[in-house]
Amino acid sequence: MNYYALIMAGGGGTRLWPLSRKHAPKQVLPLVEETRSMFCVTAERLYPLIPPERILVVTNAETAQTFQSQVPAIPPANYVLEPSAKDSGPAAGLGIAHIYHRDPQATVAILAADHHIGDVEGFLQALRAAYDIAQEGAIVTLGINPSFPSTSFGYIERGERLGEWHGLAAYRAVAFTEKPRVELARRYLITGRHTWNSGMFIASCATLLSEFDRQQPMFGAALRRLAEAVGSLDYPAVLAQTWEVAPRRSLDYAIMEGARHMAVIPVSIGWSDIGNWDSLLEVLHKDQSGNALSGDVLALDTHSSLVRGNGRLIVTLGIRDLIIVDTPDALLVCARDRAADLKQVVDRLRAEGREEVL
């Protein structure tokens, strides 16, 4: 049985502006490590389980070129290019069609290019368990055991215990909840039946295509035609037709929340989606004052802050809970508790026609 990975790498990372830009989205940046990009870390941690020739990447043409230079072990033919951005549902369907063309018996892990995972061995153990469960026709997701009542993540409620694989328990997933209010998130934490939705899904390509057939029938039929056309002269025309009927929906909404047989494996693997500067600060190495400093930074009486320089000296004095990011053409100064709102800044700059800084 050949196991595959499908890395979703088409996002823009607007909440990590001004470092993340259209020409250099967060996936290509060395955010957590000094020498390896987020994409490079994501791909290489799979190697003990999945060789690079069975790792496919869905992205755009410009970013694919950067990825190829960063991870030359992944064959160029493994980059699947989206005609345009249409959310994660169509992107995943596109990648699944390509893998199904190669191997109709394949089982695939759908992963994001920009997640941080502290416990790599635990992650690989969970993938092995998920791959085994998927052979029984289930779609398996890795649920993150919550450490606080987050309102930034979706939640998955687990039901009956299905058994144990590779030392990990799996449960039937009975309900998805999108980003609840804090009172509900607190109740979820108390019940112990809820995990954060990591957005990582493992299933056979056949099962995933069947769910597209059932829940998104026009797109499902188009994906079947696309799988047959991969590598042929007809492929560009069939891809264009497929994209015309592709729903602009996330993978969760497109098929996962309505899937017939969904299982969840609760895990604690040091996971973060690195969704904004504050979540990045949480996983970075910090000094005794709780600061993550990079570049030429002199921090005096500075606490719980992220300061990222860009060649010139940055001095901070008497500050707390700030995000400061310097780039050649933009400087960000942001309260940590407003880091999740940074998309508003990007939207405002776009509305004002400031494309040169986006």
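The values are calculated or read from the model by the stated rules, or taken from the named source; none is laboratory data. These numbers come from a predicted model, not from an experiment. Cβ: placed from backbone, ideal geometry, glycine included. Neighbour counts: every protein chain shown.
For the range 199-211, does any single residue satisfy the condition of being touching a residue at least 60 places away in the same chain (Cβ under 8 Å), hydroxyl-bearing (S, T, Y) and over 22 Å from I144 (Cβ atoms)? Yes, the range 199-211 has at least one match. For the range 131-155, residues that are acidic (D, E) and surrounded by 14 or more Cβ atoms within 10 Å (Cβ to Cβ) total 1. For the range 318-353, residues that are under 15 Å from S20 (Cα atoms), in a loop (DSSP other than H, G, I, E, B) and not hydrophobic (A, V, I, L, M, F, W, C) total 3. Scanning the range 13-42 for residues that are buried (at least 17 other Cβ atoms within 10 Å of the Cβ), assigned to a loop (DSSP other than H, G, I, E, B) and touching a residue at least 40 places away in the same chain (Cβ under 8 Å) yields G13, W17, P18, L19, R21, L31, V32. Would a scan of the range 115-132 turn up a residue that is in contact with a helix residue (DSSP H, G or I) (Cβ under 8 Å, 6 or more places away or on another chain) and basic (K, R)? No, every residue in the range 115-132 fails to be in contact with a helix residue (DSSP H, G or I) (Cβ under 8 Å, 6 or more places away or on another chain) and basic (K, R). Inside the range 55-64, residues that are surrounded by fewer than 20 Cβ atoms within 10 Å (Cβ to Cβ) and not small (G, A, S) make up a count of 2. Exactly one residue out of A259, A175, A185 is small (G, A, S), under 24 Å from D103 (Cβ atoms) and either under 25 Å from the mean Cα position of the chain (by Cα) or buried (at least 17 other Cβ atoms within 10 Å of the Cβ) (or both): that is A259.
Considering the conditions (1) out of contact with any Ser or Thr (no Cβ under 7 Å at 6 or more places or on another chain); (2) under 26 Å from A130 (Cβ atoms), S250 is excluded by exactly one of them, (1). Could you tell me whether any residue of the range 304-323 is modelled with pLDDT of 95 or more, buried (at least 20 other Cβ atoms within 10 Å of the Cβ) and under 24 Å from W196 (Cβ atoms)? There is at least one residue in the range 304-323 that is modelled with pLDDT of 95 or more, buried (at least 20 other Cβ atoms within 10 Å of the Cβ) and under 24 Å from W196 (Cβ atoms). For the range 156-172, taking the residues that are touching a residue at least 40 places away in the same chain (Cβ under 8 Å) and within 30 Å of L280 (Cβ to Cβ), the one that is surrounded by the fewest Cβ atoms within 10 Å (Cβ to Cβ) is identified as L168. Among the residues of the range 1-12, the ones that are part of a loop (DSSP other than H, G, I, E, B) and closer than 14 Å to V80 by Cα come to 2 in all.
Of all residues in the range 243-278, those that are within 26 Å of P25 (Cα to Cα) and hydrophobic (A, V, I, L, M, F, W, C) total 8. Screening the range 83-93 for residues that are surrounded by fewer than 22 Cβ atoms within 10 Å (Cβ to Cβ) and not hydroxyl-bearing (S, T, Y) and picking the one that is nearest to the chain's Cα centre (by Cα) gives D87. Under the condition of being at pLDDT 95 or above and more than 19 Å from T195 (Cβ to Cβ), the residues counted in the range 250-277 number 1. Looking across the range 188-214, the residues that are among the small types (G, A, S), buried (at least 21 other Cβ atoms within 10 Å of the Cβ) and under 16 Å from H261 (Cα atoms) come down to A203, S204. Of the strands (runs of 3 or more DSSP E) lying entirely inside the range 43-132, those containing at least 1 residues that are free of Cβ contacts under 8 Å to residues at least 60 places away in the same chain are 55-59, 79-81.
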